[in-house]
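The values are calculated or read from the model by the stated rules, or taken from the named source; none is laboratory data. Values in this document were obtained by computation on a predicted structure and should not be read as measured data. Because the Cβ atoms are built from the backbone with ideal geometry, glycine has one as well, and the counts that use them run over all protein chains shown. These area figures cover heavy atoms from the full protein model, side chains too; ligands, DNA and RNA do not enter into them. Shrake-Rupley method; radii C 1.70, N 1.55, O 1.52, S 1.80 Å.
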Amino acid sequence: MATELPASVAEIIASRSGEEMALNDRCLNPQMGRILRTLGFDRVWVGGDGAHLIDADGVRYLDMFGGYGVFALGRNHPEVIAALEQVMAARTANLPQLGVTLLSGVLAEQLLQRAPASVAVMVPANTGTEAVEAAIKIARAATGRPRILFAEHAFHGLTLGSLSINGNAEFRDGFGPLLADCGPVGFGDLDALSRELERGDVAAFVVEPVQGKGVNLPPAGYLAAAQELCRGAGALFVCDEVQTGIGRTGRFLALEHWQLQPDLICVAKALSGGLVPIGAVLASRAAFDRVFDGMERAVRHGSTFGGNDLAAAAALATLRVLEQEQLLARAERMGALLLELTEPLVERYEVVGEVRGLGLMWAIEFRAPAGAAARALWQRVERRQPGLFSQLITVPLFHEHQILCQVAGHHMNVIKALPALTIEEAEIRRFAAALEETIAAAEHYPRALARFGVRMGARAAAARR
Ligand SMILES: Cc1ncc(COP(=O)(O)O)c(C=O)c1O
């Protein structure tokens, strides 16, 4: 029987709250439902406030996941909400298409003022992957060359072009054939990059300054040298700052840590405060002019909603809040504190291999315990279910400490955090203490694994029902 369409958002929230999982299982992604039920993460979320998510019982969870990094300002920042309301109230002439608008113009001006001198133009988009797609197209058209290089373990989005430069097989498998002429080089491997560039057919090398999957930091000198090599070979140097940009690493763009001057810079995610989709490529004048080189070519790349008023207004509010609340300095300070509190875990627990981070992009990597029996068990379990140990940490963090954080990628024992840049010092300390308590319990590996296995087994059986 057809259900009635409620008259308003308020009515939907009032009358159908609690149906989320049933709707998901029926109309969206039931496999996601199974994961959530198996891990016990199937909360009914009713609100978001700053660094926290709130469930139907009013319990506040510290959100170290940050919606994959979009909530740099925290959830529902009042300034961003006010900017969106102002656009609605102004009844703006949004998306004239055969016409230009004020808000995206001011956004372009403001973004470019905060970007390195190498870029001079903004190409609007709606998501991170759309920005990357634009970068691939601009690079090919600007250089007249086919090949795009990317780093192993890179993540640039999941549409077909971006997927073609994705360094993780688990995302690529089954979707081929992907774009021709895309090839990986090791992240940090300048010799490999140089060898590939020597072929003379490379349009661009696309790289995340800090890799999101695993939070891999670049070796000292790597990015600047890679940029030099690209310049020397006539290839564009492209920084994907979709995750690292907009204050995440303690700088407006992470590339500032190394004074890079890329030809193209992709931004998205946190740029609009997490409330509306956004993306953009900041491009050098030379690259842009080679692509859009005549009136008849003025619209050869674009997107219907690119540069829309809501996204532009939210982004302008985000830039204002970053400055008003001094969030770059705060991200640097809180990130340093998080490292200071968690780096000693490497010495204290044999299962902790490394703690790393830049600003509020942070990760902890686990490794097999030293004892022969525990190590053998770890290896057996990881062979069957790679990355399982991380779940021994994230699940208790959620249930016992009300902290949501993410495993940093498939088949890796790395947990990652991208909290709001507004996070309070007390919450950083709470996270570090909860993490240590959870690691201490998980280190008694066989016992912890058995406990976890029984709990997950029961939940998985229930999730299938
Ligand atoms: C570095 C990077 N580039 C691109 C993307 C794709 O962004 P979106 O999911 O908005 O398409 C992501 C998303 O996680 C990312 O981390």
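A few notes on this one:
- Any hit, segment 333-353, residues being open to solvent by 10 Å² or more (accessible area, probe 1.4 Å), assigned to a loop (DSSP other than H, G, I, E, B) and among the β-branched types (Val, Ile, Thr): no
- You will find that of Val276, Val267, the residue that is open to solvent by less than 20 Å² (accessible area, probe 1.4 Å) and among the β-branched types (Val, Ile, Thr) is Val267 and no other.
- None of Leu377, Leu360, Leu397 is more than 23 Å from the chain's Cα centre (by Cα) and surrounded by 17 or more Cβ atoms within 10 Å (Cβ to Cβ) except Leu377.
- Given (1) away from the ligand (no atom under 16 Å from the Cβ); (2) in a helix (DSSP H, G or I); (3) not charged (D, E, K, R), index of the condition Ser118 fails: (2)
- Extreme residue, most open to solvent (accessible area, probe 1.4 Å), among residues of segment 444-457 that are among the hydrophobic types (A, V, I, L, M, F, W, C) and at pLDDT below 70: Val454
- Filter result for the condition that a residue is touching a strand residue (DSSP E or B) at 6+ places or on another chain (Cβ under 7 Å) and either over 20 Å from Met361 (Cβ atoms) or free of Cβ contacts under 8 Å to residues at least 24 places away in the same chain (or both), over Leu236, Leu275, Leu260, Leu255: Leu236
- If you go through segment 279-312 and keep only what is outside any loop (DSSP other than H, G, I, E, B), open to solvent by 60 Å² or more (accessible area, probe 1.4 Å) and under 25 Å from Ser118 (Cα atoms), you end up with Arg285, Asp289, Arg290, Met295, Arg297.
- Wholly enclosed strands (runs of 3 or more DSSP E) of segment 165-259 bearing at least 3 residues at pLDDT 95 or above, within 13 Å of the ligand (Cβ to nearest atom) and crowded, with 17+ Cβ neighbours inside 10 Å: 236-240
- Search result, residues across segment 54-95 that are open to solvent by 40 Å² or more (accessible area, probe 1.4 Å) and within 16 Å of the ligand (Cβ to nearest atom): Phe65, Tyr68
- As for segment 134-152, it holds at least one residue that is surrounded by fewer than 23 Cβ atoms within 10 Å (Cβ to Cβ), within 16 Å of the ligand (Cβ to nearest atom) and not in a helix (DSSP H, G or I).
- Among the candidates Ala283, Ala268, residue that is hydrophobic (A, V, I, L, M, F, W, C) and closer than 20 Å to Leu421 by Cβ: Ala268
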